[in-house]
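Colleague: Following this message is one structure expressed as structure tokens.
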Amino acid sequence: MCGYCGCEQSDKDSPHSHHDSHLIQVEKDILSENQRIANQLRHYYAENNISAFNLVSSPGSGKTTLLVETIQALNSNLPISVIEGDQQTDRDAKRIAATGVPVIQINTGKACHLNAHRISHALPELSPAKNSLLFIENVGNLVCPSLFDLGEACKIVILSVTEGDDKPLKYPHIFNQSALMIINKIDLLPYVTFDIDQCIEYARRINPDIVILKTSTTTQAGISQWCQWLITDKNFQVADA
């Protein structure tokens with residue numbers, strides 16, 4: 001038995017190359033199954049006219065606070081529901097529940113992302129309304145969520161000015177796959193070293209079509225533009241705060 005992955009092969013038979021090829025196959029199988037379920041989710045969203053958005057960021061970007069502000073701005077106009085992803089606790093789900101919208105918490109344990117299988121099991125309990133918005137707040141991580149389609153209309157990457165302005169270059173896959181980048185906490189720009197124009201240039205280098213919004217939940221800068229983007233046809237241009 002292989003001592004690297006547990007399958008029926010001797011360690012003497014090129015263990016490293018065998019282990020690598022085995023891991024590649026496992027990864028392909030996982031992603032293929034995830035895509036199958038994601039396609040089913042996409043069909044479900046389309047049937048019920050649900051616009052699903054996958055929110056991705058590093059921990060501490062302010063995406064939960066931004067989501068609370070978004071719900072408060074839009075909930076009187078259309079139904080909203082939320083899926084919260086965290087490794088542990090239901091703290092963010094409680095913050096969302098306080099706004100009055102349906103929310104379900106998914107705790108991933110050691111896993112660093114949500115996948116389509118978990119979403120498919122959460123949806124029946126959440127029961128999002130027809131003709132509604134569904135926000136999926138992913139686990140704080142810029143790497144693994146880029147690999148897993150959740151059937152969403154698009155991914156939205158949130159980057160705060162308290163992080164490095166080179167994040168698009170360091171984590172290109174998520175910026176390449178996102179329709180929108182939100183540069184958040186812009187009220188803190190006077191107090192941090194963050195070149196916003198350079199960040200935008202980096203993001204455009206990775207994804208020329210990415211929409212860019214600048215927001216602050218403290219000053220409300222950019223919040224109306226963000227809400228308008230969500231509910232209207234996409235306008236692929238940089239939007240000033």
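The values are calculated or read from the model by the stated rules, or taken from the named source; none is laboratory data. These numbers were taken from a predicted model, which means no experiment stands behind them. Reconstructed Cβ throughout: ideal geometry from the backbone, glycine too, with neighbour counts over all protein chains shown.
Colleague: Could you say which residue among SER224, SER216 is in a loop (DSSP other than H, G, I, E, B) and either under 20 Å from the mean Cα position of the chain (by Cα) or modelled with pLDDT of 95 or more (or both)?
Modeller: SER216
Colleague: With respect to ASP209, is the statement that it is acidic (Asp, Glu), more than 18 Å from LYS63 (Cβ to Cβ) and touching a residue at least 40 places away in the same chain (Cβ under 8 Å) true?
Modeller: So ASP209 does not fit the description; no.
Colleague: Here is a check on your reading of the model: is GLN105 touching a helix residue (DSSP H, G or I) at 6+ places or on another chain (Cβ under 9 Å), modelled with pLDDT of 95 or more and over 16 Å from MET181 (Cβ atoms)? Walk me through it before giving the result.
Modeller: Values: touching a helix residue (DSSP H, G or I) at 6+ places or on another chain (Cβ under 9 Å): yes; modelled with pLDDT of 95 or more: yes; over 16 Å from MET181 (Cβ atoms): yes.
It is true that GLN105 is touching a helix residue (DSSP H, G or I) at 6+ places or on another chain (Cβ under 9 Å), modelled with pLDDT of 95 or more and over 16 Å from MET181 (Cβ atoms).
Colleague: Mind checking whether some residue in region 135-156 is touching a residue at least 60 places away in the same chain (Cβ under 8 Å), farther than 14 Å from ILE50 by Cα and of a type in the set (Phe, Trp, Tyr)?
Modeller: yes
Colleague: Can you list residue pairs whose Cβ atoms sit under 7 Å apart, with the first residue in region 36-63 being closer than 23 Å to ALA93 by Cα and the second being assigned to a helix (DSSP H, G or I) and not aliphatic (A, V, I, L, M)? Count only pairs 6 or more apart in sequence or on different chains.
Modeller: LEU41/SER120; ALA52/TYR45; LEU55/LYS63; VAL56/PRO145; SER57/LYS63
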